[in-house]
Each structure stands twice: as C-alpha cells, then as structure tokens.
Amino acid sequence: MAAPRNSQEALERWDLLIAELGDPAIERSRMMGRPILTRAGTMFACLNGDSVGFKLGAGSAEHEGALRVPGAELFDPSGKGRPFKDWVSIPLAEADQWLPFAECALMHVAAEAPKR
C-alpha cells in the first residue's frame, strides 16, 4: 500500500511541530514512504496522511488520553486493520494536541532505551 498523501497544511504543521520540539537530536527520516521523527535511532512520530501517529505505550495514561482526543484512533499505517498497539494517531483537526503528545512520545522512547 502506498503512503497516503499529506496535505500542504499537514506538512506545514509537521514542520511547526519539529520546530516547537526544539531538540537538535531529533532527526527527520522516512519509513514506508512516510515522514517520521526519530531520536537516538528510535521512531516516535509518523506523519500518515493528515494525522500523526505517536508512540505512547499501550495502557499508559498518555495513550489513554490520546485516544480521548476527538478523531484519534490506534495508529494503523497499513489501513488493513492491524494497528500498532503502542501508537495513537491524532488527526490534523486536533493539531494543537500534536506537541504535547510528541513530548510524551519522546519521554516514552527515552524510558524504553537501553541503559548504558
């Protein structure tokens, strides 16, 4: 399945999100044709059409909170009913929620990272 097209507004809000995060260690990349954000090699956000999926950890308070955002759902980039259990997709209509959940996703992946 080809990656869904991103609207110009979604791409602009994506760029704004990255700027608002203000972390020089965040890297832009692509996975399965979609723009993604990584930190220390771990993906924590993915722009999929006009929504962003955030890795929040199934069962966490942040995951539960994200699912309460209007239009939010489990992140299913394939569109085939196989969502990523740790991820929640938040639509462009709720882009004002992207920054807080991106920050939560960053904390989640940092907590998952192996300790050295």
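None of the figures in this text is laboratory data; all of them are computed from the coordinates on show. This is a predicted model, so every value here is computed, not measured. Cβ placement follows ideal geometry from the backbone for every residue including glycine, while neighbour counts extend to all protein chains displayed.
Could you give the length gained on full extension between R34 and R68, defined as 0.36 nm per residue of separation minus the Cα-Cα distance, in nm? The partial results should precede the final answer.
Numbers: separation 34, 0.36 × 34 = 12.24 nm, distance 2.47 nm.
Taking 0.36 nm per residue and subtracting the Cα distance, the gain is 9.8 nm.
May I ask which residue of M32, A45, W14 lies farthest towards the positive end of the charge dipole of the range 1-49, with charges of +1 (Lys, Arg) and -1 (Asp, Glu) on Cβ and the Cα centre as origin?
Toward the positive end, the furthest listed residue is M32.
Just to be sure I understand: with springs between alpha-carbon atoms less than 10 Å apart, which residue in P24, P100, P77 has the highest mean-square fluctuation in the Gaussian network model of the chain?
It is P24.
Given points 7 Å out from each Cα along the Cα-Cβ axis, report the L11 to A110 separation in nanometres with one decimal.
3.1 nm
Using the Cα centre as the reference, give the magnitude of the dipole from point charges on the C-beta atoms of the chain (Lys, Arg: +1; Asp, Glu: -1; all else neutral), rounded to the nearest 20 debye. All intermediate terms of the calculation are to be shown ahead of the outcome.
Values: 13 positive and 16 negative charges, 120 e Å.
For the chain, the charge dipole is close to 580 debye.
Return the calculated 222 nm mean residue ellipticity for the chain, to the nearest 500 deg cm²/dmol, obtained by summing -39500 (n - 2.57) across DSSP H runs with n ≥ 4 and dividing by the residue count. Each step should come with its number before you reach the end.
Numbers: 3 runs with 36 residues, N = 116.
Calculated from helices alone, the mean residue ellipticity at 222 nm is -9500 deg cm²/dmol.
Extension gain D23-D96, at 0.36 nm per residue separation less the Cα-Cα distance, in nm? Don't jump to the answer; show the numbers that get you there.
Details: separation 73, 0.36 × 73 = 26.28 nm, distance 1.87 nm.
Result: 24.4 nm gained on full extension.
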